[in-house]
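A quick write-up on the structure given underneath.
The values are calculated or read from the model by the stated rules, or taken from the named source; none is laboratory data. Treat the numbers as computed from the prediction; the structure is a model and nothing was measured. For neighbour counting, all protein chains shown are included, and Cβ atoms are generated from backbone atoms with ideal geometry for every residue, glycine included.
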Amino acid sequence: MKRIAILVFLINFKVICLFAQVPDRPEKISPILIGAKIPNVNLKTADGMLIETHTIFMKKPSVVLIYRGGWCPYCNLHLSDIQNIEAKIVELGYQIIAISPDSPNNLEITSNDRALNYMLYSDASTQFIQALGIAFKASNNYVNLLLEKSEDLNRGVLPVPSVFIVDKSGLIEFEYINPDYKTRITAKLLLAVLNGLQ
């Protein structure tokens, strides 16, 4: 019994320490830089299977969309905008990966509602978005929503919506990160960047 209590304490302490490092505003984030290697973290597929980010990214060069969740109308518009150019992105040799703090069940809802062909992954624990340096503490009015959408794993962390272009070795070649969640990179500009990287 004593061991269980110690284990619970250590887990809670680790969560508190991680959360303490997360800035309190989106303008204060410190994102990973272009030329750095994408962090290797476990994510979950829409059917709940664990998969490492390196396994995902080594298949093909990737366009990585980090979004707040399927509940965010701005995210849904952006996901649909990228869906409209998916064929052109694939033609250029890239895969599209979208990651949010939503639980696997909520990923499936988003994918079906938006008729998305590309893969969505769950980072409900927010480890990946924290490792990318794009996480910040959500205001109190988001906490219950984030708990619900992550199935109690996300205790109040949001990502700054971002787009990363990553090569097969996991190196970041481009990033678009804007603390204003209403402003996203357009499909046209993203295609121009991808063409420029060829």
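Quick check: is even one residue across the range 87-108 free of Cβ contacts under 8 Å to residues at least 12 places away in the same chain and aliphatic (A, V, I, L, M)?
Restricting attention to the range 87-108, the residues satisfying the condition of being free of Cβ contacts under 8 Å to residues at least 12 places away in the same chain are 87, 90-91.
From what's left, aliphatic (A, V, I, L, M): 87, 90.
Within the range 87-108, one or more residues are free of Cβ contacts under 8 Å to residues at least 12 places away in the same chain and aliphatic (A, V, I, L, M).
Only one of these is among the polar types (S, T, N, Q) and on the phi > 0 side of the Ramachandran plot: 126, 55, 45. Name it.
Just a single option satisfies the conditions, and that option is 126.
Report, ordered by the first and then the second residue, all pairs with beta carbons closer than 8 Å, sequence separation of six or more or different chains, a first member in the range 124-135 that is touching a residue at least 60 places away in the same chain (Cβ under 8 Å) and farther than 17 Å from residue 177 by Cα, and a second member that is outside any helix (DSSP H, G or I) and among the acidic types (Asp, Glu).
Cβ pairs passing all conditions: 124/102; 124/151.
Name every residue in the range 139-173 that is aliphatic (A, V, I, L, M) and modelled with pLDDT under 95, in order of residue number.
The first filter runs over the range 139-173 and keeps only residues aliphatic (A, V, I, L, M), leaving 143, 145-147, 153, 157-158, 160, 163, 165-166, 171-172.
Residues satisfying the conditions are 143, 145, 146, 147, 153.
Filter the range 62-76 down to the residues that are surrounded by fewer than 18 Cβ atoms within 10 Å (Cβ to Cβ) and either touching a residue at least 40 places away in the same chain (Cβ under 8 Å) or of a type in the set (Phe, Trp, Tyr) (or both), then identify the one that is nearest to residue 175 (Cα to Cα).
Among residues in the range 62-76 that are surrounded by fewer than 18 Cβ atoms within 10 Å (Cβ to Cβ) and either touching a residue at least 40 places away in the same chain (Cβ under 8 Å) or of a type in the set (Phe, Trp, Tyr) (or both), the one nearest to residue 175 (Cα to Cα) is 74.
Could you tell me whether any residue of the range 136-143 is outside any loop (DSSP other than H, G, I, E, B), surrounded by fewer than 20 Cβ atoms within 10 Å (Cβ to Cβ) and among the aromatic types (Phe, Trp, Tyr)?
Within the range 136-143, one or more residues are outside any loop (DSSP other than H, G, I, E, B), surrounded by fewer than 20 Cβ atoms within 10 Å (Cβ to Cβ) and among the aromatic types (Phe, Trp, Tyr).
Among the candidates 117, 195, 112, which residue alone is free of Cβ contacts under 8 Å to residues at least 60 places away in the same chain and not in a loop (DSSP other than H, G, I, E, B)?
112
Within the range 71-105, can you find the residues that are in a helix (DSSP H, G or I) and in contact with a Ser or Thr (Cβ under 8 Å, 6 or more places away or on another chain)?
75, 76, 79, 81, 104
Where residues in the range 176-198 are touching a strand residue (DSSP E or B) at 6+ places or on another chain (Cβ under 7 Å) and either modelled with pLDDT under 95 or within 12 Å of residue 160 (Cα to Cα) (or both), which of them is surrounded by the most Cβ atoms within 10 Å (Cβ to Cβ)?
The extreme case among them is 177.
Would you be able to say whether some residue in the range 35-49 is closer than 16 Å to residue 124 by Cβ, under 13 Å from the mean Cα position of the chain (by Cα), among the charged types (D, E, K, R) and not in a loop (DSSP other than H, G, I, E, B)?
yes
Which condition does residue 42 not pass, out of (1) under 20 Å from residue 194 (Cβ atoms); (2) surrounded by fewer than 18 Cβ atoms within 10 Å (Cβ to Cβ); (3) not aromatic (Phe, Trp, Tyr), if it passes all the others?
(1)
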